[in-house]
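Q: Dropping a structure here in structure tokens format, bear with me for questions.
The values are calculated or read from the model by the stated rules, or taken from the named source; none is laboratory data. Since the model is a prediction, treat every value here as computed from it, not as a measurement. Cβ coordinates were reconstructed from backbone atoms using ideal geometry, including for glycine residues, and neighbour counts include every protein chain displayed.
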Amino acid sequence: MNEKVILKNKIFLYLTEFLAGMSVMAVELGASRLLAPYFSSSQIVWTIIIGTIMIAMALGNIYGGRSADKNPNPDKLYGRILIAAVWIALIPLVGKYIILGISGLLVFTVNNNFLIWAAFVTCMVIFVYPLFLLGTVTPSLAKYSVDSLEDSGSVVGTLGAFNTIGSIIGTFLPTFVTIPAVGTSITFIIFSGVLMLLAIIYFISCRTGRIKSVVAVLLLIISCIFGSSDSFAFWDSDIAYEGESVYNYLQVKEDDEEVILSTNVLFGVQSVLIKNEGLTGMYYDYAMAAPLMAGMSGKDNCNILILGMGTGTYATQCGRYYDNVICTGVEIDEKITWLSRKYFELPENVQVTTYDGRAYLNAIDDTYDVIMVDAYQDITIPFQMSSVEFFTLVKEHLSPNGVMVVNMNMRGSGEGSINRYLADTISTVFDEVYTVDVSGSTNRQLFASDNADMLNTFYGETALLSSEEPSQRELKELMGYIENSLVCYEAGNCVMTDDKAPVELLGMKVIDELIKDEVQYYKEIYDKEGIKGVMDSL
């Protein structure tokens, strides 16, 4: 088969279009998974990924068309495809280091919208060039495929169809097959290998490009050997488990005292198991005030529903300290539930349903004494669980005098903060709303009920806690602290609805504040001593 035959072999050209479209979408989805552990998987990050990729594809379309007109040689096109394949293959090898390097530089130079800038620059550096090259495929193939004006419409239409079909497969295959099964790194390598094989077949058939093909294969092999790890926190050595699910990056760390789940490399802890069965020192302890506010001692069973179960820390803690609680959990990520049984000792009698929290409420008629809303992670706050309509649905599933407790994991302040919006929204639904800040963290707990006597019930229930057993005494002391720290919330007019809930932008503002506070010390060193001073301080 020679070059002239390849040019006339429309099946091969259509296959090229198909695989290019498939690879573009696979890289786009891989980009979201590569960035999520560092920058979250919020709508903001998705917007940046889609926007930068569209820019790359548009520029590639322009360049590909002009290049094909000037020099209609398919060697150029398949050379670009080969380069794109090599670049994609190297992403698992160097991508994580580039992300951390860019973040480290920007954290000292950007004062506002850090996540936006960091995600944007990262996308530009890592993903724009290979997708620009793949963007040249369609106009180049149109040039090679169209024999005359009479069939130009059908040929271009067929190319578009193959590209679209490839894009569809490239959307579903990574999400439902390769990423859950083998991880993000191997997914990049798989689709890189597909593109590389396509280009090599072309060069072999034309008896050219042998050196380029050999170099490309060697680089792919190097990436397979050294870049196939699914570790995102490569600097940590005490990780018990690291992997991915359809929804999350998952990391479990364990030592002699505790087991911790994180779904984001850079932002905190999502679940914890205290091995000595004491208090966690985190917001879960504060949330245990909710059953007391609901008057649990006067009930045979205090039924608790947890929306955003995680690995079951709240259920485990309530079960350890209270005798009459029955906890039910809802967790959208089935793999997190698996981790809860394997690493976090979640009792088998705690029922967990794999479902979206709001959809679950829509599907059931049961009522609960306490409903905990713990579905907010870093900047990733689901808008559908932040609106008047959602909190009204929660209220409908509370028993008389029932209490909703919401973990707001980013404190914030002022009129424009995410917590102001959440608390104002909740205040339009519930008559009684109280908040307490969790000592030593950025979390704030909000308690809401229509029971005007909620606080007196809480005081009475706290008084009944035993002071004899050390664990109960510790709990009683914490509840006493919460009694003195609860603040009656004064509602404003920052209300979110299903139609308008700008949670990503609001959350990003708080993240900026947290980052400023965390790096201020190092910024001062940087201003005085430069990067060497920062490295010495670390």
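Residues are listed down the side, and each one gets a yes or a no for (1) surrounded by 16 or more Cβ atoms within 10 Å (Cβ to Cβ); (2) assigned to a loop (DSSP other than H, G, I, E, B); (3) hydroxyl-bearing (Ser, Thr, Tyr); (4) in contact with a strand residue (DSSP E or B) (Cβ under 8 Å, 6 or more places away or on another chain):
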residue	(1), (2), (3), (4)
Val24	yes, no, no, no
Gly30	yes, no, no, no
Leu35	yes, no, no, no
Tyr38	yes, no, yes, no
Ile53	yes, no, no, no
Pro92	yes, no, no, no
Thr109	no, yes, yes, no
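Q: Same structure again: Working carefully through the options Thr313, Thr367, Thr353, Thr280, find the one that is on the phi < 0 side of the Ramachandran plot, at pLDDT 95 or above and either touching a helix residue (DSSP H, G or I) at 6+ places or on another chain (Cβ under 7 Å) or among the hydrophobic types (A, V, I, L, M, F, W, C) (or both).
A: Values: Thr313 fails: at pLDDT 95 or above; Thr367 fails: either touching a helix residue (DSSP H, G or I) at 6+ places or on another chain (Cβ under 7 Å) or among the hydrophobic types (A, V, I, L, M, F, W, C) (or both); Thr280 fails: at pLDDT 95 or above.
Exactly one of Thr313, Thr367, Thr353, Thr280 is on the phi < 0 side of the Ramachandran plot, at pLDDT 95 or above and either touching a helix residue (DSSP H, G or I) at 6+ places or on another chain (Cβ under 7 Å) or among the hydrophobic types (A, V, I, L, M, F, W, C) (or both), namely Thr353.
Q: Suppose we filter segment 338-363 for residues that are among the charged types (D, E, K, R) and in a loop (DSSP other than H, G, I, E, B); how many remain? Steps first, answer last, please.
A: From segment 338-363, those among the charged types (D, E, K, R) are 341-342, 345, 348, 356, 358; that's our starting set.
Filter again for in a loop (DSSP other than H, G, I, E, B), leaving 345, 348, 356.
Residues flagged as among the charged types (D, E, K, R) and in a loop (DSSP other than H, G, I, E, B) within segment 338-363 amount to 3.
Q: From (1) touching a residue at least 24 places away in the same chain (Cβ under 8 Å); (2) part of a helix (DSSP H, G or I); (3) surrounded by fewer than 15 Cβ atoms within 10 Å (Cβ to Cβ), pick out the condition that doesn't hold for Gly101.
A: (1)
Q: Moving on to the next point. Given the residues Thr328, Thr337, which is the only one that is assigned by TED's automatic domain parsing to the domain that holds Asn407 and touching a Leu at 6+ places or on another chain (Cβ under 6 Å)? So that I can check it myself, show each step before the final result.
A: Details: Thr337 fails: touching a Leu at 6+ places or on another chain (Cβ under 6 Å).
Being assigned by TED's automatic domain parsing to the domain that holds Asn407 and touching a Leu at 6+ places or on another chain (Cβ under 6 Å) holds for just one of Thr328, Thr337, which is Thr328.
Q: Across segment 427-475, what is the number of residues that are buried (at least 17 other Cβ atoms within 10 Å of the Cβ) and part of a helix (DSSP H, G or I)?
A: Residues flagged as buried (at least 17 other Cβ atoms within 10 Å of the Cβ) and part of a helix (DSSP H, G or I) within segment 427-475 amount to 8.
Okay, residues lined up against (1) surrounded by fewer than 23 Cβ atoms within 10 Å (Cβ to Cβ); (2) within 20 Å of Val394 (Cα to Cα):
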position: Tyr241; (1), (2): yes, no
position: Glu254; (1), (2): yes, no
position: Glu257; (1), (2): yes, no
position: Met293; (1), (2): no, yes
position: Ile306; (1), (2): no, yes
position: Thr311; (1), (2): no, no
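Q: While we're looking at this one, here's another question. Scan segment 181-197 for residues that are over 27 Å from the mean Cα position of the chain (by Cα), touching a residue at least 40 places away in the same chain (Cβ under 8 Å) and more than 17 Å from Ile169 (Cα to Cα) and jot them down.
A: Correct list: Met196 only.
Q: Name the one entry in Ser67, Ser32, Ser23, Ser42 that is more than 24 Å from Gly79 (Cβ to Cβ) and in contact (Cβ under 8 Å) with a residue 24 or more places away in the chain. Walk me through it before giving the result.
A: Details: Ser67 fails: more than 24 Å from Gly79 (Cβ to Cβ); Ser32 fails: in contact (Cβ under 8 Å) with a residue 24 or more places away in the chain; Ser23 fails: more than 24 Å from Gly79 (Cβ to Cβ).
Unique residue meeting the criteria: Ser42.
Q: Something else about it: Of all residues in segment 143-158, which are part of a helix (DSSP H, G or I) and either at pLDDT 75 or above or surrounded by 12 or more Cβ atoms within 10 Å (Cβ to Cβ) (or both)? Before you say what the answer is, go through the steps one by one.
A: So the first thing to find is which residues in segment 143-158 are part of a helix (DSSP H, G or I), and the list is 143-145, 149-158.
Listed by number, the residues that qualify are Lys143, Tyr144, Ser145, Asp151, Ser152, Gly153, Ser154, Val155, Val156, Gly157, Thr158.
Q: If you go through segment 38-56 one residue at a time, do you hit one that is over 20 Å from the mean Cα position of the chain (by Cα) and over 21 Å from Thr16 (Cα atoms)?
A: Residues of segment 38-56 that are over 20 Å from the mean Cα position of the chain (by Cα), as a first pass: 54-56.
Going one step further and asking which of them are over 21 Å from Thr16 (Cα atoms), we end up with 55.
Yes, that holds for at least one residue.
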